[in-house]
Each structure stands twice: as C-alpha cells, then as structure tokens.
Amino acid sequence: MIFVVARSSQYAASFSQRHQQLTGCLRFELGQTSFFRVINRIISEEHEPYACLVHDDVTLGHDFLPRLKGLVAQLDKDWPSWGVVGNAGFLSFRFGLDPTEVLRYVADPHRGPNMQGHVLPAQSIDGNVMLLNLCSLRRSGVVMPDWNGFQLYDIMLCIETARAGLAVLVAPELACWHGSAGSQEAFDSAASSDKFRSYLSDNLVNRFIGTVNGEVGAALTDRNIGGSGRIDLDLDSLRNSVVQRGARTVAICVRTQFKRPLLLRRTLETISAFVISAGSPTRFVIRVLTDKAEDRPDFIEDYAELVAITESGGIDSRNKLVRHAAYAIDADWFWFVDDDDWVFPNEAERLGLILNVVPLHATILLDTQHFNEWVSEKQSAIGTIYHGREARYFPAGDFGKSLGGVNHIPFCGMIVSRAVLKSIPESTYDWVVYYEDFSVLLHALLSPGALPIVVDRLYAGISMRDSGQSVNEIDRTKWDVSMSNLVASITCHAPAGALMTIPAPRHRPPISAPHEAPSAGIEPLAYLNRGERLILLCCRVVRAALKFSLSPSLWKTQGRILIRAGVQGGPRSVLRTMANFGRPQQRNP
C-alpha cells in the first residue's frame, strides 16, 4: 500500500490524476497535523508487511509499482536487517569524482540524482518517499516521539530505526520527481530548537550529525557524557546494515625482498593489530609477496602467508608481484602496503564495515601520510635510535586530481578490486616498473562503472628516509621510462573516456618527487606540518619586529600598513603582514 500524506482533497485529486496507474494502491492521509503520528499509526495498525509513504507533491514513474515490488525482494535477500529506505540520504562515507556524503536518486528544483544503481546504507534519509519494513519495525518496538508538525520526522525515524538495530538504506528504485523546493529556513529553525537538540543529546553520542539539509548539532549537556541507550549514528548505521550479510575478503599484500627485516616486522605487526580491530564483516588476510623467498626471515610465518614468484624475467618485480597477487590470491579486494610502511588500527572497524556494504567493483580511497624517519635498522625500528616527524598528508578526497597527470594517492591509500587488477594489460605490469600505484589508480578510475569511495580517516603511514628508497633517486631515467609506458597504456589500451580531460593541478607536487627538495614553482609550505608552520610564522614575526624597531624611517609607512591590515582582516591579517615584512621581493625575469 502507498500512503499519500496530502494537504487537502485538492492535492489528493491532483496526485490521483498524475498516478492513474496506481489506482487501487493509494490511501490518502488528509488533514493531518503530525507526520509523526501518521508513521506511528501505520506501524502499529497496518497488517501489510510493507508500506510506502510519499508526499503529495511527488511524481512517481510509470513503472513505480513493479520497481517497488522488485526492491522489496532485493532488500529481503541482500539486506536482511533493513528497516527504512528512501531515495536520498546522508552516508557515513563519501563517493563519486566530486566526493560527497549526500546520495540522491531524486530530482527536485535544487538538483538531480548523483548516482546510478546501488543500494547503500545511510545515517538518515529524506522523507519525500519512504519504504517501511512494518514487520521489523513493529517487532523491534520502533515508536516515534509524539510531536506535531512536518519537520524532522524523517531524521528522527532513522534515529529510532537505528536505535532498534535496523538498517536505514537509500535505493534507486524509489527515484521520482519531487516538486517542492522545501524551506531551508523552516528546517534550520526546527533543527536548532532546544527540543530537537535535547532529543539528539538523549539518543546519540554524536555531537553533530549530517543530513541532506546540512549539519545539525545536539545540545551540550550532562547527557553528552556517559549514559546508556545512546548510539553512534555514524558507525551504528553501518553496523546495523551488515547484520546477516556475508563477509567480503580483502588481501593486505606486503611486497618485499627482505632487505629491511626490522621495518618489515613493524609493518606486519601493525597490520596484525589492524586485522584484529576490524572485526568480522570483512575478512582481512595478510600475504607477503616476494621474488626472494630464499631470503625470508623466520618471523614471516608468525604473521602472514608467503606468496612467491620464482622468475621475474630479469625485470624489476615490484609491479609483477601486483599482477601475480590478482591471480594467486583469492580475495575480493587488494590493499598493497610497502614493507617499510605501517597501518593504523584506530578506524579498522569503520573500514571493514564500509567494505562489506559497497559494491564489489568500487575503489576505496584512504588518507595516508609521509613520516620523515631517521632509524638505525641494526637496532629496534622504534627505539632509542629512532627519530621521526610528520610530513606531507595525502587526503583521500584528492584522488580526482590524479586524472590531471600527477598522482595524489600513494599505493597504500587505495584498495582495488581483483577485476581492476586483471583488466590492466600484462605489458603494463612488465614495463611500468615505477609509478605502479599511479597505474593502478588510473586504470581503476577509467574502468567501466568506476565507483570511488572516500574514507576520510588516516589509515597508513609512509616511511621517508635519506636512502634506500627509489623515490629519492637522483637519476630519474627509470621513472621517465615508466611514465612513458604508462601514458601509452592509458591512452592506447584503456577504455575510451573523457575523464582524462580534467586539467592537471599545479599546486601540489607529485608524490614520487624527492621529499627533501621541493621543485621550482611549488610552495615549500606544502611540505610542513601545522607545528612547523607555526614555528616559521613566529620566527618571521620576530625578525620583522626587530627590523621594524631598527628602521625608524619605516615606522610611519609600515605602521599605516599594519593598522589597515588590522582593520580589514583582524589579528590574523596583522600577523601575516608582519611575517611578510622585510622578506625579499621576488621579481619576474
């Protein structure tokens, strides 16, 4: 049954006129003062297993009814714990070439759909069209607060559904035209009310939550500390969605020739901690890939299974090992971690949950970071003879910039499917020795049906040292040869597409450039972390103050500049002006 919440009999008649194909399936709710009570009554009184609620200003397609029936069958099969489904919602991860958390299978006066064909779990949905699993909602005791009005009911239904352990989903089968632009002002007013913010504090541990209409915040009270019965909407929306779903498999692959055994041990220990923290929705297996099996240290078997190739054909084996993994290891996805990198287990559960619910052909992008390290490999990898500091950060959301010809995602910052690895020509694996990460990323993004999934959490640290790494080679011949072969592979053998027309970004250096010396035209501050930038700012301000005090001839003019900066931009502008005072001026040649 399709329930239409109509403002008047005139709106009901107009809806019927637009949907004559649904005659006999419609029930109109007229003269209602509360969407909350309508939902409660339908859940408690209707005997049908499912119900669809729609606004009176939506227009459903000619095939909506068979789509709806097919969707119910798909949900019962693939998402056994589903409770509520909509056609637009706010996810717990970002997706797409212009990454966003807002998934839309609806067109309205604001914009159109931004995805094709995938059911995905959401924290909350938009209420223009909602499919309710009445049996599960009743069995789980879902009851809406007895509030008046037509604002926030969809968000609160999702919260109550998540609290009951049921999944909230967004599905393309509910696609429609929604003729209302809505009122952002009315939403903001309702969302900022003390009543709603207290409701969030009573039921969620989250300080803020995202919605399709923007971020909303809970009231900051004693209830935000401790207490029971509250959920983490961000994570619990994912946890609920994986219930009774089969596990996926991810192979974490470490390529090595055992030249740095202590650093390799650190890599394997952190991966093992990650696997333990990830839980059961996704099965992570650890594999060590090598062409030097005879040199393996004794501890390898304590952490991983060894996968070896016996003949590399006299060619550098790093990329051949990638191809070998795709054919030799039974896994849905592959995550390649170098033998001197490490992974962070803090957000392992989140990644495992996301991998369970996204399509198998998706490419998952992760945040990573360079760490400059000074380490004695004769001693402990982390110990008294160790010094390190944070360096360049690689946001996963920058992956689209790689389509401009400069890589922005290290190898350990992507998890790719077996299908992508198998689609890369064998000659590319043979001759693109360096830039293998760039090669895999481009082939993934240019593959048919590419779906980038962005997880904005730091998952891997990348060791940068003074020696022993190809990234620091002064002679770039091998790099240039690999790039030539990669360009030929992408332009001649990859599926035709227009994505490569995106202009190359100019403001970030390639990740394969030596990290000690930024090349000309690149802002050196890009290589500094926040603390280092603050120290640099302080030094510049002190230098400027000294020069200012020792140059009376500049007091008048520079004083006016500082006053004007303070009036126009406040204290930050004053500091910026002082930091630039006395710096040598660059001249155009």
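For the range 75-168, the alpha-carbon coordinates run over 40, 35, 19 Å along the three principal axes, in decreasing order.
Across all directions, the average projected area of the convex hull around the alpha carbons of the range 199-358 is 12.7 nm². Taking a ≥ b ≥ c as the square roots of the Cα gyration tensor eigenvalues, the range 273-335 comes out oblate, since a/c reaches at least 1.5 and a/b does not exceed b/c. Just the protein heavy atoms count here, and of the accessible area of the range 1-45 at 1.4 Å, carbon and sulfur take up 50 percent. Near TYR50, the amide H atoms lying under 5 Å from its own belong to LEU134; only residues 5 or more places off or on other chains count, and H is placed 1.01 Å from N. Which translational diffusion coefficient, to the nearest whole µm²/s, is obtained for the range 419-486 from the Stokes-Einstein equation, given a Kirkwood hydrodynamic radius over C-alpha pairs, 25 °C and 0.890 mPa s? The calculation lands on 174 µm²/s. A simple rule links phi to the HN-Hα coupling: the Karplus curve 6.51 cos²θ - 1.76 cosθ + 1.60 with θ = phi - 60°, which for the range 52-69 gives 10, 10, 9, 6, 7, 10, 9, 10, 8, x, 4, 9, 4, 5, x, 4, 5, 5 Hz, with x for Gly and Pro. Can you classify the range 1-52 as rounded, prolate or oblate using the Cα gyration tensor, where a ≥ b ≥ c are the square roots of its eigenvalues, rounded means a/c under 1.5, and otherwise it's prolate if a/b beats b/c and oblate if not? It is oblate, given that a/c is not under 1.5 and a/b is not larger than b/c. Solvent exposure of the range 1-45 amounts to 51 Å² per residue of accessible area, where only protein heavy atoms count and the probe is 1.4 Å. Each label was represented as a point 7 Å from its Cα along the Cα-to-Cβ direction; for ARG207 and HIS62 these points are 5.3 nm apart. The range 323-378 and the range 253-268 have Cα centres lying 15 Å from one another.
Using the Cβ-Cβ distance between ARG245 and CYS539 with R0 set to 45 Å, the FRET efficiency from 1/(1 + (r/R0)^6) comes to roughly 0.25. Remark: the Cα gyration tensor places the range 42-102 in the prolate category, a/c being 1.5 or greater and a/b exceeding b/c.
The value of relative contact order for the range 13-150, using C-alpha pairs under 8 Å at least six residues apart, is 37 percent. At a probe radius of 1.4 angstrom, the accessible area of the range 155-253 per residue rounds to 40 square angstrom. Annotation for ALA328 and ASN114: the two label points, set 7 Å from Cα along the Cα-Cβ direction, are 4.2 nm apart.
Beta-bridge orientation, the range 220-307: approximately 0 percent antiparallel, per DSSP, counting only bridges with both partners inside. Model label sites at LYS292 and SER180, defined 7 Å from Cα along the beta-carbon direction, differ in position by 6.7 nm.
The values are calculated or read from the model by the stated rules, or taken from the named source; none is laboratory data. Since the structure is predicted, the reported quantities are computational estimates derived from the model, not experimental observations. Cβ atoms come from the backbone with ideal geometry, glycine included; neighbour counts cover every protein chain shown. The accessibility values were calculated without ligands, DNA or RNA, using every heavy atom of the protein model including side chains. Shrake-Rupley method; radii C 1.70, N 1.55, O 1.52, S 1.80 Å.
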